[in-house]
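K.L.:
Starting off with a structure, shown below.
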Amino acid sequence: MFSEMLKSKIFEQLKTVIDPDLNTDLVTAGFIKSVSITEEGVVDLTIELTIPTCPLQFKFKMEIEQKLLSLEDIKRVNIRFTSRKRGGITASQQGIFSKIHSVIAISACKGGVGKSTIASFLARALQRNNFRVGLMDLDIYGPSLPTLMNLPHTDVAMIDERIIPVEVDGLLTMSLGYILGDAPAVLRGPLVSTYTSQLIHQTEWGSLDFLIIDLPPGTGDIQLTLLQQVALDGAIIITTPQTLSLVDVTRGILMFEKLHVPVLGIIENMSYFVCDGCGKKHYLFGNGTVDLQNRFGLSILTNIPILPNFYDASTKNAGNEYDTLWKPLVEQIQREIGKRRATTLSSPEIIIKENTFIIDWKDGTFSTIPVVELRRACRCAYCVDELTGEPLLKPNEVPDNIKIEEFQPLGHYAVSIIWSDGHTSSIYPWDFLKKLTPPH
Ligand code: ADP
């Protein structure tokens, strides 16, 4: 009797603790996983946050302790924080990505805007926050990680088909630049996909808090290959305030949105420079990111000025502006991921039985699609003309005995399939599959 009354009082109090990012209280957000009270008035709480070491954790702890200790019979409060698992992890991602808590792609639609530099310094800032961090340079046309890490010549070790990341002052790194050395990286078409896949699937990261992926600029094949293979927690887009790059950024945002990868926000680089003499900020190109913020409602995560010595990320403490620039940026990114994860639904489950593709929607309903029909329904750019919407794939071109070689849910929005006819670009959004074969 003691505990039931007290329990409801505890819940009343917890309902007044608000998560400012989700605009809801801890109980409604579903964060309270267990509450127990001893006869001596000790409360044990388990709280499941959206990401590990959420920056709001300390605020929650203080507020909960203060509120619960104000209740008459409570003498002590023990809080255990756990964190929600990433959604959309598939069997084939088990082993490598299942042990990585957050995967973030750094993207830019144009070269030379500072994407690789920011990816490296961001990785260092995360590391300084005591996270275990990996940095994967997939900028296949211009891998700059070897330069940023001051490692022009590096031997990459392989153990049992596994690529071992190169550790640079505690940061795990991998770059095609390490493998290619000085050889020209003029890799096109299928080769690009092959190398990307190898780095993605064979690098042995172990367990990480964050994996930062430095994408090549643009919205082409390589981004698609990556998006097909990795369950990303989000993408960050780097831009400079010049109008021309904003047009490109718009294209990038649309690409990610179309593929349902949450864009966590935009970093505007080379926004201004601070005058040595008077300390005044000079904005050379105006403030273009405001347009993007209005148009897409995306956060501008930070504005980075033109910085001296912004090229050596080879040591843990790289980046002079840690307290004013990088630390707040890390916190902002964590909160953006948390927001996305909180509203995330888990993916449906796929079962392949003989020639049938079955989707368990996890609500008691199922969709059943013959595998051959699924192949015929592919809407990729090779199968349906992107501009006209005209079908390019003729149904009779698909053999009746076609098989699914591999499938992979993408985040929580789609599934990609590799087919036995060599077709690798199929992406089926769950919504599309629901319409194709209504659940029963
Ligand atoms: P990207 O990856 O977008 O092609 P990089 O990261 O290679 O661009 O940066 C291009 C060049 O710009 C590098 O020489 C880098 O040192 C420089 N740079 C990037 N951002 C800044 C900045 N904020 N201040 C000064 N130089 C910068």
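K.L.:
Just to confirm a number: summing +1 for Lys and Arg and -1 for Asp and Glu over residues other than Thr24 whose beta-carbon lies under 13 angstrom from that of Thr24, what do you get?
P.N.:
-1
K.L.:
If you don't mind, another one. When Lys and Arg each count +1 and Asp and Glu each count -1, what net charge do the other residues less than 15 Å away from Asp137, Cβ to Cβ, add up to?
P.N.:
Net charge around Asp137: -1.
K.L.:
Please work out how much length the chain gains when fully extended from Tyr311 to Lys327, using 0.36 nm per residue of separation minus the C-alpha to C-alpha distance, in nm with one decimal.
P.N.:
Result for the pair: 3.9 nm of gain on full extension.
K.L.:
In addition: What pairs in Lys7/Lys99; Lys9/Lys339; Lys353/Lys434; Lys110/Lys316; Lys353/Lys435; Lys33/Lys316 have C-alpha atoms more than 30 Å from each other?
P.N.:
Long pairs (Cα-Cα over 30 Å): Lys7/Lys99; Lys33/Lys316.
Computed from the coordinates by the stated procedures, all read-outs in this text should not be read as laboratory data. Nothing here was measured: the structure is a model prediction, and the numbers come from that model. Every residue, glycine among them, receives a Cβ derived from its backbone with ideal geometry; neighbour counts consider all protein chains shown.
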